[in-house]
Each structure stands twice: as structure tokens, then as C-alpha cells.
1. Could you tell me the center-to-center distance, by alpha carbons, between region 285-350 and region 184-209 in angstrom?
2. Rg to Rh for region 266-377: what is it, with Cα atoms only and Rh by Kirkwood?
3. Using a 10 angstrom cutoff on alpha carbons, build the Gaussian network for the chain and name the most mobile of 120, 86, 158.
4. Given Cα pairs under 8 Å that are at least 6 residues apart, what percent is the relative contact order of the chain?
5. Please work out the Cα center distance from region 43-98 to region 215-283, rounded to the nearest Å.
6. What number comes out for the charge environment of residue 123, summing +1 per Lys or Arg and -1 per Asp or Glu over other residues with Cβ under 10 Å away?
7. Once Rh for region 1-69 is found with the Kirkwood sum over Cα pairs, what is the Stokes-Einstein diffusion coefficient at 4 °C and 1.567 mPa s, in µm²/s?
8. Of all the accessible heavy-atom surface of the chain, with the other protein chains kept in place and a 1.4 Å probe, what percent is carbon and sulfur?
Amino acid sequence: MKILLIKNIGLLATPLGSAARSGAAQGEIRLLRDAWVRVEDGVIAAVGSGAPEVPAGAGVLDAGGKLVTPGLVDAHTHLVFGGWRQNELALKLRGVPYLDILAQGGGILSTVTATRAASQEELAEKARAALDEMLSFGTTTCEAKSGYGLDTETELRQLRAIRALDGTHPVDLVPTFLGAHALPQEYRERRAEYVRLLCEEMIPAAAAEGLARFCDVFCETGVFTAEESRTILEAGKQHGLRPKIHADEIDAIGGSRLAGEIGAASAEHLIACPPEGIASMAKGGTVACLLPCTSFYLGAAYAPAREMVGAGVPVAMATDFNPGSCPCLNMQLVMNLGCLKYRLTPEEVLTAVTLNGAAAIGMAESVGSVEPGKLGDLVIWEAEDLNYICYRMGSSLARTVVKRGKIYENTVGRRGPGGN
Ligand code: NIG
Ligand code: FE
């Protein structure tokens, strides 16, 4: 058996449990001083405080009296795509809105052109570099969506690239089918036909190959209506894919209400979420997956996170990494904005980027907290408390990342000023 003992943890901060935490419980975390964690064959075997027993043959990792948290869960990314879209910066600066760029055949549709032109290997290698960077920031589990193919062949190629990466990169990936990310140009005048293609060909093909766990839809003005979204997500359900919805990102057209009604695992963005959407998600047990870096990048408002916590909706937060509305891989920045813009406490933020993120992607039984039975996924921070990592901005403070009991040193974090 391979044993790793992480000792000399100044402060261990973690939510507890195997399900999303909501309301007051979102901010109730376990704080253990002078702690240690024993990982056996990649799984946490014991957690304690005081002087640990060192089993014969164990590897020992000294946390140097620093803060340790669970590995971060990035529950919403568009990890795999061809090209970038830096050309859109000039349009943004001229004030052209995000949905106008898309309506003119740019935005998501220009990434579709680049993705269709790329091989599975090219897509995977590009995403691998992104995953390396995410791991260095403390992300140990990551959801990854398709959605830049918009035809069966390319959507499956994206999902196969995700599967190949999951097998070869330390970060664990959870795949989501997002064929309903935009209406492809060739179906511009044939919306109903594309919805049929999604339901009758693409979803069954992705499910038959076991390539996706979730089915997502961009429910938005000019993209898919709430009714189309319902049809697509019901088809996904019939093939064993749990629903997720990009809802109320720009306009509230019923996405958050549908999320609760259909029992979606999560609804994403929710910038314009109305009170009835919050009530519907609370009733349906849907996790609100908020993406504050996208609000920042689009110059948009911030989702009503405090209202969601107040209504008993579990809040998760993620990067939304994608080439258009958020080319950012850094969950630490997400944590900063969670405090400063959503007015969540550092404790609520920690739950949002660990356990609630895990719940949003169906992984709360194996990751998201530091407890026996969960994967040995942890971050040793160049910090002594949780306030510090939510307060510092723009640095990488993840000093050492442990994934399934394997150690990944982050030399930048170690060199940083750190500490209080
Ligand atoms: O979550 N809103 C839809 N999808 C992505 C953006 C994708 C893109 O612009 O390429 C998002 O923000
Ligand atoms: Fe997204």
C-alpha cells in the first residue's frame, strides 16, 4: 500500500459531507488546527490533530504550518476547443454586445469553425496545457463540456478528447454534452431540425459511447428557448444524461425556472435570475453554479448569490473557462470575486469551490471535502488562513497540490510572499 502522511498542517479548512450544503450550512465548515491527513492508495484514510503516528514506509509531506483545503472543483468549463478569440477584444472595446457578435456569425460560431478543423489529438494537447495550469492553481477535478462542434462528428471528437485526457492527466474530468450551445450556421433557417438532430442522433450517440454524464443547453435569447431546452434535456434524461442549463446569463427567459422543474443537477450563470427562478431551484434541489469571472469579463452584473443562499439554494462557483466570455483558468480569482462581488463569506466561498462544485457535477461522494473515504485531493496554500487566499488577488498561492495522494509542487506558490 502507498501511504502519504501530510503533517504539520497549521489549519485544515473543509466543508463536511457528501451532498451540497445550502443556507446557513453553506458557511459552516470544519476548522482543525495542528492537523494531519493520512492518504492510502490515493484515498483519505484518516484525519486528526496533534502528533501523528508515522506508519512504516509512509511518504511524509510537511505542510509547514500552512493552510490546507480540499482540492478545488471547477464545475463548469468549456475546456476543449480550437483557436482563441482575441480578435473579439476590439469589438468588445467598441461596445458590441456578446450576443450581437454571436448573431453576426462570430463568437461561439467562430470557435466552432476552428474546432471542426482540429484533430482529436490537437484538441487534447491544447486542453492538456490548460489542465496543467489549472492544477497549478489548485484545481483537482474539472467538468468539461463539448459544444464547439455542433455536428455529431465534432461533438463526439471533443468528448473523446476529454475522455483521453481524463485517462492521462492527473486532474479528473467529468464530461458534459453541450451540442445545444448555439444554432449552427447551416441550420439557421431550420431550428426544429437541429433540435431533432440533437435529440435523435447526437445525444443517443454520445450516451451509447458513454462519453457524457450530463446534457447542457444554452437557454438564452437568440440561442435556445426554454421550450426547446426542455425538449433537449428530456431527451438527454432518457439516455441517462442528467440535465444542466446555462440559464439567465443575459436575459431571464425561463432557464432557472426550467432547471428546478426538470430537476437539473445545476443551473449555470444566473446573472439575471428572477425570484421565481430562485424559488424553483430551491424546490427542485438544483445547485446554482455561479461564474463571477464571466460577469467580470463581460462587464455584466453579478448573480444574486446572497439571495440564493438565503433561499436555501446551494451555491457553487466555477471559472467557465472558454475562449469567448471567460478565458480564465484561475479558481483563486473566482474566490476573490465570490467575496467581493457576491458578498459571500470566505467559508461560504470555500464550500462553493469544493463540495458544492462537486455536487453540481455528481462527484460529492468522492471529492469536495477532506474526510476519510474521499480522494486524497488537497491543496497546501502559501497562506495561514482562509481570509488570506480570498483577500490576495492575482497571485498563485497554491504551494503544493496533492491529487489522489500524488504530490505536485508549485514553485511559483512557494516563492510567493505568503503568510500573515
Ligand atoms: O458559458 N454562454 C455560453 N457559453 C459560454 C461562452 C462560450 C463562448 O463564448 O465561446 C459561457 O459563457
Ligand atoms: Fe459556460
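1. Cα centres, region 285-350 to region 184-209: 31 Å.
2. 0.96
3. 86
4. 21
5. Here the two parts' Cα centres lie 27 Å apart.
6. Net local charge, residue 123 excluded: +1.
7. 101
8. Result for the chain: 52 percent of the exposed heavy-atom area is carbon or sulfur.
The values are calculated or read from the model by the stated rules, or taken from the named source; none is laboratory data. Keep in mind the model is a prediction, meaning the values are calculated, not measured. No Cβ is skipped: glycine too gets one built from the backbone with ideal geometry, and neighbour counts run over all protein chains shown. With ligands, DNA and RNA removed, areas are computed over all heavy atoms of the protein, side chains included. Shrake-Rupley method; radii C 1.70, N 1.55, O 1.52, S 1.80 Å.
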